[in-house]
Amino acid sequence: MKRESVPVYSLPMPHVIERAPSGRAKCRGCGEKIASGGLRFGEQLPNPYADGDNALMTHWFHPVCAAYRRPEALLEGLAETAETIESRATLEREAALGIAHRRLPRVSTADRAPTGRASCRACKTLIAKNSWRIALVFYEDGRFVASGFIHATCVKDYIETTDIRARVKHFSPALSDADLDVVLSVVGDGL
Ligand SMILES: [Zn+2]
Ligand SMILES: [Zn+2]
């Protein structure tokens, strides 16, 4: 019921970019802790559970995770911050890519299908056991929800870009560079 009384904001939220004062907060994008003293991005959202018209809640991210998963919000934060951000150009480039290709922020990890039972969200056919697949996430109510897989070969058609290497590497830290090369060759070829 309270959700209906949340005001509609016409101005960008006052997002935050700052040094983390402790190492306790977890990143919404990757689930890992944000190191004390490291840069963190706080996306400000209306808080539907708090009283008061202007109640906000903050969702914390590593800046790079926000570039991949919350590109519009991060660019708003980068435009306003007075912090010196060494990786600014990379963050802006990755965020711009995610805005230009609206499904790109849904790209998560890469792995080989452990069974042949799941269907591809793009082409709706089965993903063969042991073939490379890309996991997708869907952003809903401030959370990233697992939302199935696509064939690596379907990236070009579905995501509308093959420029996924940096984000797949970031969200699949266990993937070797050699494996990543294989994934990207499959993605690049398409079908
Ligand atoms: Zn993160
Ligand atoms: Zn497919």
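The values are calculated or read from the model by the stated rules, or taken from the named source; none is laboratory data. Note that the structure is predicted; figures quoted are calculated from it, not measured. Reconstructed Cβ throughout: ideal geometry from the backbone, glycine too, with neighbour counts over all protein chains shown.
Within the range 120-151, if we keep just the residues that are part of a strand (DSSP E or B), surrounded by 14 or more Cβ atoms within 10 Å (Cβ to Cβ) and free of Cβ contacts under 8 Å to residues at least 24 places away in the same chain, the residue that is nearest to ligand 1 (Cβ to nearest atom) turns out to be Arg133.
Does at least one position in the range 147-158 carry a residue that is of a type in the set (Ser, Thr, Tyr), away from ligand 2 (no atom under 15 Å from the Cβ) and modelled with pLDDT of 95 or more?
no
Ser87 passes every criterion in (1) within 16 Å of ligand 1 (Cβ to nearest atom); (2) polar (S, T, N, Q); (3) surrounded by 14 or more Cβ atoms within 10 Å (Cβ to Cβ) apart from (3). Taking Ala166 as the residue in question, decide whether it is in contact (Cβ under 8 Å) with a residue 40 or more places away in the chain and in a helix (DSSP H, G or I). Here the answer is yes, as Ala166 does meet what is asked.
Take Ala100 and tell me if it is within 30 Å of Leu56 (Cβ to Cβ) and surrounded by fewer than 12 Cβ atoms within 10 Å (Cβ to Cβ).
In short, no.
Within the range 49-63, restricting attention to residues that are touching a Phe, Trp or Tyr at 6+ places or on another chain (Cβ under 9 Å) and more than 16 Å from Pro14 (Cβ to Cβ), the residue that is surrounded by the fewest Cβ atoms within 10 Å (Cβ to Cβ) is His62. For Asn130, the conditions (1) at positive phi; (2) under 14 Å from the mean Cα position of the chain (by Cα); (3) within 16 Å of ligand 2 (Cβ to nearest atom) all hold with the exception of (2). The numbered conditions (1) more than 16 Å from ligand 2 (Cβ to nearest atom); (2) more than 26 Å from Ile17 (Cβ to Cβ) are all true for Ala89 except (2).
To keep it simple, each residue is scored yes or no on (1) farther than 23 Å from Ser147 by Cβ; (2) at pLDDT 95 or above; (3) touching a Ser or Thr at 6+ places or on another chain (Cβ under 9 Å).
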| site | (1), (2), (3) |
| --- | --- |
| Lys26 | no, yes, no |
| Arg40 | yes, yes, no |
| Leu45 | no, no, yes |
| Asp53 | yes, no, yes |
| Phe61 | no, yes, no |
| Arg88 | yes, yes, no |
| Leu91 | yes, yes, no |
| Gly116 | no, yes, yes |
| Ser119 | no, yes, yes |
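If I ask for residues that are part of a strand (DSSP E or B) and either aliphatic (A, V, I, L, M) or over 13 Å from Ala67 (Cα atoms) (or both), which ones from the range 21-50 would you list?
Lys26, Lys33, Leu39, Gln44, Leu45, Pro46
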